[in-house]
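Presented below is the structure to which this report refers.
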Amino acid sequence: MVKLRLTRIGRHKDPFFRIVASDSRSARDGRIIEQIGIYDPAKGAKEAVIDEEKALKWLQNGAIPSDSVRAMLTAKGIIAKFNAAKAKKN
């Protein structure tokens with residue numbers, strides 16, 4: 001199963017995260033399938049940079065976002081677009 005989640009990069013006591021699509025069985029900072037964005041906790045979730053096309057592609061393919069990534073996608077309006085497209089399809 002593919003998950004959209006955060007992988008930590010950055011130095012000690014100065015976290016920085018990549019938003020990635022990865023297999024749920026791989027380690028947090030392990031092998032990734034595709035990077036879809038970046039998140040700097042110092043700037044907040046609303047300032048996360050997310051590639052909307054890639055995020056929607058993974059959501060449509062059944063990827064499940066983690067709680068923190070879901071909050072960022074909601075803040076950016078990507079979840080609303082995904083739900084609208086899903087409702088239109090049915």
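The values are calculated or read from the model by the stated rules, or taken from the named source; none is laboratory data. In this text the structure is predicted, and so the values were computed from the model without any measurement. Neighbour counts run over all protein chains shown; Cβ positions are idealised from the backbone, glycine included. When the accessible area is computed, the model is the full protein with side chains, heavy atoms only, and any ligands, DNA or RNA have been set aside. Shrake-Rupley method; radii C 1.70, N 1.55, O 1.52, S 1.80 Å.
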- Message: Name the single residue that is modelled with the lowest pLDDT among those in segment 39-55 being within 14 Å of R5 (Cα to Cα) and assigned to a helix (DSSP H, G or I).
- Response: A45
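Would you call I32 at pLDDT below 95, among the β-branched types (V, I, T) and open to solvent by 60 Å² or more (accessible area, probe 1.4 Å)? Steps first, please.
Working: at pLDDT below 95: yes; among the β-branched types (V, I, T): yes; open to solvent by 60 Å² or more (accessible area, probe 1.4 Å): yes.
Yes: the conditions hold for I32.
Among the residues of segment 16-37, write down those that are outside any loop (DSSP other than H, G, I, E, B) and touching a Ser or Thr at 6+ places or on another chain (Cβ under 6 Å).
At the first step, the residues of segment 16-37 found to be outside any loop (DSSP other than H, G, I, E, B) are 16-23, 34-37.
Scanning segment 16-37 gives R18, V20.
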- Query: Could you count how many residues in segment 52-79 are touching a Leu at 6+ places or on another chain (Cβ under 9 Å) and over 15 Å from Y39 (Cα atoms)?
  - Reply: 6
- Message: For segment 1-29, give me each residue that is surrounded by 13 or more Cβ atoms within 10 Å (Cβ to Cβ), among the aliphatic types (A, V, I, L, M) and either in contact with a Gly (Cβ under 8 Å, 6 or more places away or on another chain) or more than 14 Å from S66 (Cα to Cα) (or both).
- Response: V2, I19
